[in-house]
Every structure is written in structure tokens, then in C-alpha cells.
Amino acid sequence: MAVIITEDGIAADDWADKTVYPFDVFWSGQELPEEALAVEFPNDRKPEDLVPWLDRIEMIRVEFPSFADGRGFSLARRLRTLGYKGRLRAAGPVVSDQHRAAVRVGFDEIELPESVAARQPAEHWVIRKQGSYQQRLAS
Amino acid sequence: MYEYTDFDEAFVRERVAEFRGQVERRLDGSLTEDEFKPLRLMNGLYLQLHAYMLRIAVPYGTLNGRQMRQFAYIADRWDRGYGHFTTRQNIQFNWPKLQDVPDMLEALADVQMHAMQTSGNCIRNVTADHFSGAATDEIADPRPTAELLRQWSTDHPEFTWLGRKFKIAVTGSEHDRAVIKAHDIGLRLVQDDDGNPGYEVLVGGGLGRTPMLGKVVREFLPKEHLLPYVEAILQVYNLIGRRDNKYKARIKILVHETGIDEIRRLVESTFQENLARFNGVNQEVFDRIEASFAAPEFEPVYDVTPAVDAGLRSWIDTNVADHREPHYAIVTISLKGIGETPGDATSDQMRIMAALAEEFAHDELRISHEQNVILPHVPRRHLAEIYRRLKDAGLATANIGLVSDIIACPGMDYCALATARSIPVAQKISETFADIDRQRDIGPLKIKISGCINACGHHHVGHIGILGLDRAGVENYQITLGGDGTETASIGERAGPGFAYDEIVPAVERLIEAYLDHRSEDTETFLEVYRRMGPAPFKAALYPEAEARSNAA
Ligand code: SF4
């Protein structure tokens, strides 16, 4: 089972029993739940496509096919810029050194494959205290 | 010069500690080599042919004597007593041991330096005109902009895992000494009609296997909008740049395939969104950056006595440029001694250059992308003494801008990607034209050599470019002609079939003979003749047999 990492440490996946709908669900005519609506976000899709539904969505699961593919960082930033306030999850084999960046662009949590989590114990995920030039420079 | 704030200081120290931890995690197996690789690259550590290589940033090429001395110390303590200055205003040490690297980084932090983001798929060390603050044709000093970009791009949470490396260069002069058209983003400081400061923004330049010149994406960007605008370019690139093929992943390919008009549209709309999120830059922080690049306190004006010594005169002619203060000069110290490795300096030479800066030149040095070292602010009354000391140190070669002032990448001697040697080719050309009088007769000529198609030696923008390839296990050198990296930039054109290792230097000699034969007067340069006459006379010189055959036919 996947492992969830947050700033508070390692946790169980509280969404494991709930559905995460495919990205195209909004155009499929399918009946959508009133609550607990979660969506997959493949990292080659456009955030603008979700704008009409951003208020309703409770979780977006942004895919990281590999730790070296950093599109997800920009996607998170854009979803937040577009006004998304719900839960934002980075899902894939990222490394603990990316936790700081993930939080800074707006992710709430990381969903890590078990095999990757096994090599990276909880203490590796504690975010080191590091200043942010971007915060410092923004007026 | 920029002095670290407490924030900068704490930041680099923390980065060193973090890297120390990453090395430990690699050694204990919690990081795989695949995972460790980008982390070490982001701290400047490459794996080369024979050993690791540590690449240290000299942001926008500016450093002081103490920092130069620290390079000498690092070279002696952890390397082999020398360092190599690169075409991106970095210095490389070729023989560090992995377990020593955190200590080397700590030694850099002691003098307000770092190796962050000198490699890897992130925003690299920002480069700028090496004559900044001293040039006669400068509109504004590009270094505050470069420092601002250095800070903004450091550990940027969005742009540290890009599809490919990303290079930014800034110039503040009419004459482009920073090759901004060959960068992912090129910035030129300009003023609008009302005299407001801003930038002309170019995007999509780059050399490598598909050389392209940057295109103007915004003619005038108000100064205060720089960060949100650059952030928009990066965001568009990060989201839609190709990741399926390493060789098509630079932004130049995206600009080429998408078209500059569509890229402009995407960037502008993202920029508008960004403006809502952060409007410009914290003025207090930026004011401090600007203030730290104030000109040094120049000496009062005095009359300059002309040099009499012939050697000194010849060195002044080639290696000394005019300064914005007439009683000052800009001195370029050639790291291209005849037969030497271009860009290399020993620790002793570094200490001598540091001492000259400290004693005579307002404690400032620059590294140029042409792999030389510059004293940007030299009172002319000290030129004779500086020349004398440089000569004693083997650093007074009077060849700046001439045939032996060659740019060469490390090539097969160090680089794991190389397909051919480049340093020995540079050395042989320089030995062939050792006579400085002959070089002066030939005049301005830029020869640039790369040891593989990645083009780190910028051969595409050399008047004569040389690219070393591997043809069935044998080195083969292709020649390109007519390249130019300045404000009149152009990509060199391939001359024809390549040459074997022992044929390439004679081929270069024939090119130069052809130029001398065809120039209309002594002042017409190689590039001017090429632009006037085209490649035909040069091809005829390169391939006499083909010429003979076609004449016979
Ligand atoms: S051009 Fe090729 S050989 Fe030369 S330094 Fe770059 S990658 Fe290495």
C-alpha cells in the first residue's frame, strides 16, 4: 500500500477506500458525487481545463511519473494560482529532498510507492530549515 | 561587489550541510545512484572520465582577491594545484574525491561562494558581460539584474527539476560581450522612449546539436516586472517543453516547434496571472543589491605617460581596453599562453592575480566567457608594474582576441562525453602561430573548439569553429565558418568534409592564408572577408584537391 507523507510525518492513506476519478470525468457525462470528489491529474494536462470545477473538487492527485520529471511542481503552483483550495497530493516515486519544494509550491501531501518509502525512513522527510529566496524577494 | 547578507550566509551553510547528508545517504544506500546524481549535479559535482569534477560558480564572473586566493587554496589542498576557468564564468576542479567535496563547499562558503546549480536540469549560474561597470559603451550595469536572478533562481521550488538545463545571460551594453543570443533567456538592459529602465527579452537561443539564436519575445519589459515575466517563461517551458528526448528538451526546440508568436501569447497570459500573485520585487532587497554594485572610488584624474617598452606597448595594444574613466583601463590577463591549456591557471598564478587586484585594481577580478581573467578597474599608472609581474608569472601573453586566444572545451582529456580531443588541437594551433607579430598581422580572429556535438566550446559562434567527432573510432574534425557571438550574431556554416587529427591544424593554416590573400586591406578582419566573399575562397583553400578536380573537369 502507498504511504502518505505530510509535514507531520508518515501517515496512512485516508483516501484509500474512496474513488479518485480520471481527469476526463467532467466531459464523460458521468454522475459525480456531491462530496469527496477527487481527480487524477496526469502531468501533461492543462490546469485551466479544471477551472469550472475547482470549487467542488476536494482532492487533486498530481502524477509524478519519475522524481526527475518536475512538471508537477508547476502544475501545483498553477492550480493554486487559479484558486484551488482543496487538498493537493503529489503521487509518485519522489525523493525526500523534494519535500521542501513540494510544500512550497502548494502540495499538502506526497503519496509514495511502498518500495520507495522503504528506503527513505521518516526522518529523511523532515524538511530542513532553509530560507526561501523567492519568499524574500516577492513584494 | 555583492556582499552576502546573513540570509545568504545561512543559506549556503545550510546547503553544504544538506549536501553532506546527501553524500552520507548515498554511501549508506538510502539513495540510489540514479537518485543521487541530480542532487550532486545541483551542487556542481560531475562524474567525468577519470574522476569527479567540481564546478564552482563565479556569479556573473565577478570575484575579489580573497575569493581567488581561496580557489588557489582549494586547488592545493584537495586538487592538483590548478583550476580550469570555463566558458560560463565557472571554475572547475578536475580531481576532487567525493568524501572531500562537502569540505570544499564549506571552504567556498567561507568566502561567500558556492557551487549550487552549476549543473543539472535547473537554472544555471547567471552570466553577464565581463566588462560590467567598466565598459565605455555601457547603458547600465547588468550585475544587479544578474544577482537578482541568481537569488530568485536559487532553490526555486518550481524550476529545479526542469526538462533540461536553463541558462540566462545579461548585458547592459550595445556591444554584446555576453553572447545573450546563445542563451535560453537573453536580457539586454534598455530604456524606453521616456527613459524608463527595462529589458529587451530574448528566448530560445542555444548551441549544442541544434544551434539556434534567441528571438525577441518582449521588446520592452519594465524593470520591475522582470521576475514575474521570467517566471512565466520558465513555467511555460516546464509545463509544455518536450521531455521525450534529451536532445529536444531545451527551450530553443519548444520555441522552434511552437513558434515565437504562440510562445509569446502563452508567456504573456501566464505573466498576467503571475502579476496577481506577486507584483515585482521587494524594493528593499533590490535596493541593497543595486547599491552593492556601486562603482569603486576612482582615483583623481592625472596625465598618463605613454609606454615606451616595446613588449609593454604590444601587450597594451592587445590586452588592455579603454575604461569609462579615461585614466583607467581594463586589463585582460590571457590564460592562453602559447601551448598551454586554454583557461587553466595554477594556484601560484591565481595568487598573483589576486595580489594584483588587491594592490592595484580596487580588489576586483572577472572571469570572461572566453576563459580569461580580467582586472576591470586599473589606474593606467600601474600598467607597467602589472605587466612586469604578469610576465614573471608567465601570464603576459599579448594575444587577446587573436588567433591563439582560443576557446576550447575540456574534450577527451577530461570529459566523459567527448568524441575527440580539443585541448591538444588548441595547443597545436597556438604553437603554429606562436609569433605574436604574425598573430597581430592576422588580426582579430576567434577560433572555438568543442570535443563533441554538445558544443561547450561554442564552435558555432567561432569565426572558425572546430567540432571534434568520432568517425568509426577515429577522430575527425569538422570546420564551421563565419560564426559570431556578438550583437551581430550568426551561426557558423559547415565548410565540408572533416579532417583527421593531424590534418586539422594545416587546414586552419590554409584558411588563414586564404584570408590574408583575400583581404582588401590590413584592417579588414577574417569575419568581414567571410561576410563579403562568402565561403567559396575558404572552401577552395580547405579542399585544394576538389578545387583541382573541378578546374580539370
Ligand atoms: S563539448 Fe562535449 S566534449 Fe566538450 S566539454 Fe562539452 S560535452 Fe564534453
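Since every read-out is calculated from the coordinates, none of them should be taken as a lab result. From a predicted model like this one, the values you see are computed outputs, not experimental measurements. Please note: Cβ atoms are built from the backbone with ideal geometry, for glycine as well, and neighbour counts cover all protein chains shown.
Here is how the numbers come out for the structure above:
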| read-out | value |
| --- | --- |
| Mean projected area (nm²) of the alpha-carbon convex hull when the stretch B:194-320 is viewed from all directions | 13.9 |
| Orphan Cys of chain B, criterion: no other Cys C-beta under 4.7 Å | B:122, B:415, B:452 |
| Distance from the stretch B:487-513 to the stretch B:61-101 (C-alpha centre basis), Å | 33 |
| Ordering of B:19-28, B:318-327 by packing [mean C-beta count within 10 Å, highest first] | B:318-327, B:19-28 |
| Normalised convex hull volume, chain A, alpha-carbon set, Å³ per residue | 121 |
| At least 18 Å along the helix axis (C-alpha) and Kyte average at least 0.0, DSSP helices within chain B | B:226-240, B:347-360 |
| Candidates A:126, A:51, A:105, ranked by Gaussian network fluctuation over chain A, Cα under 10 Å, top entry | A:51 |
| Rg(Cα) / (2.2 N^0.38 Å) computed for the stretch B:6-109, rounded to two decimals | 1.06 |
| Shielding by partners, peptide B:157-168 (average Cβ within 10 angstrom, other chains) | 5 |
| Of B:165/B:246; B:336/B:446; B:252/B:446, those spanning more than 21 Å from alpha-carbon to alpha-carbon | B:252/B:446 |
| Per-residue average of Cβ from other chains inside 10 Å of A:93-99 | 5 |
| Positive-end extreme of charge dipole, chain B - chosen from B:57, B:47, B:85 (charges on Cβ) | B:47 |
| Debye, to nearest 20: dipole size of the stretch A:16-130, +1 on Lys, Arg Cβ, -1 on Asp, Glu Cβ | 700 |
| Semi-axes of the equivalent ellipsoid for chain B, Cα gyration tensor, largest first, Å | 34, 29, 26 |
| Dipole of the protein assembly as shown, positive direction: furthest Cα of B:146, B:548, B:197, with charges on the beta-carbon | B:548 |
| Principal axis box of the stretch B:318-392, alpha-carbon based, largest edge first, Å | 34, 21, 18 |
| The stretch B:447-553: GluC sites (Glu not before Pro) in DSSP loop, at most 13 other beta carbons within 10 Å | B:521 |
| Enclosed volume per residue, in Å³, of the convex hull spanned by Cα atoms of the protein assembly as shown | 179 |
| GNM flexibility winner over chain A from A:45, A:78, A:56 (Cα, springs under 10 Å) | A:45 |
| Loop GluC sites (Glu not before Pro), the stretch A:33-139 (other Cβ atoms within 10 Å of the site Cβ: 15 or fewer; DSSP) | A:34, A:35, A:58 |
| Among B:94, B:29, B:104 the positive-end extreme of the charge dipole of the stretch B:6-109 (Cβ point charges) | B:94 |
| Principal axes of the stretch B:51-195: Cα extent on each, largest first, Å | 55, 35, 23 |
| Shielding of B:233-241 by partner chains, average beta-carbon count, 10 Å | 4 |
| P(r), alpha carbons of the stretch B:1-51 - 10 Å bins starting at zero, rounded % | 22, 42, 25, 11, 0 |
| Principal axes of the stretch B:346-457: Cα extent on each, largest first, Å | 46, 33, 20 |
| Hull shadow area, averaged, the stretch B:425-553 [alpha-carbon convex hull, nm²] | 8.7 |
| Chain B, helix-only ellipticity at 222 nm - DSSP H runs n ≥ 4, -39,500 (n - 2.57), divided by all residues, nearest 500 | -11500 deg cm²/dmol |
| Under 5 Å, built H, 5+ apart or other chain: amide partners of residue B:62 | B:367 |
| The stretch B:368-420 pair-distance distribution - Cα-Cα, 5 Å bins, rounded % | 4, 15, 18, 20, 18, 11, 7, 5, 3, 0 |
